[in-house]
Amino acid sequence: MSLCDGADVTMSPEERVRRSRAVRKHVLVALLALLVLIPLNFVVSRQYPWWLWALIVWLPLIAAHTAWAKGLFDRNREGS
């Protein structure tokens, strides 16, 4: 038995909505955090833009979360 022998993983409409909302929440939290970090960076230290590190780390996480929400990591019976 291989890993691909599981049940069909087509997403229900409810699951799509749930995943979409989770991604939107993730993006909103990231934007709000950056809206706090950027002014804080300029108050604390104008010479080094350390808020960019948060952005650099967060972007791939959001990309991976979006890929998961779209079902790119889900296995299907036909293609696997």
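Quick look at the numbers
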| read-out | value |
| --- | --- |
| F73 versus V27: modelled label distance in nm, points set 7 Å from Cα along the beta carbon direction | 1.8 nm |
| Whole-Hz ³J(HN,Hα) from phi, Karplus 6.51 cos²θ - 1.76 cosθ + 1.60, for region 21-29, glycine and proline x | 5, 5, 5, 4, 5, 4, 5, 5, 5 |
| Scaled radius of gyration (Cα, divided by 2.2 N^0.38 Å) that region 13-69 gives | 1.39 |
| Extension reserve of the T66-Y48 stretch, reckoned as 0.36 nm per residue once the Cα distance is removed | 3.5 nm |
| Ranking of K70, K25 by count of other Cβ atoms within 10 Å, fewest first | K25, K70 |
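Laboratory data are not the source of any read-out in this text; all were calculated from the coordinates shown. Just so it is clear, the model here is predicted, and its values are computed rather than measured. Glycine gets a Cβ as well: all are built from the backbone with ideal geometry, and neighbour counts include every protein chain shown.
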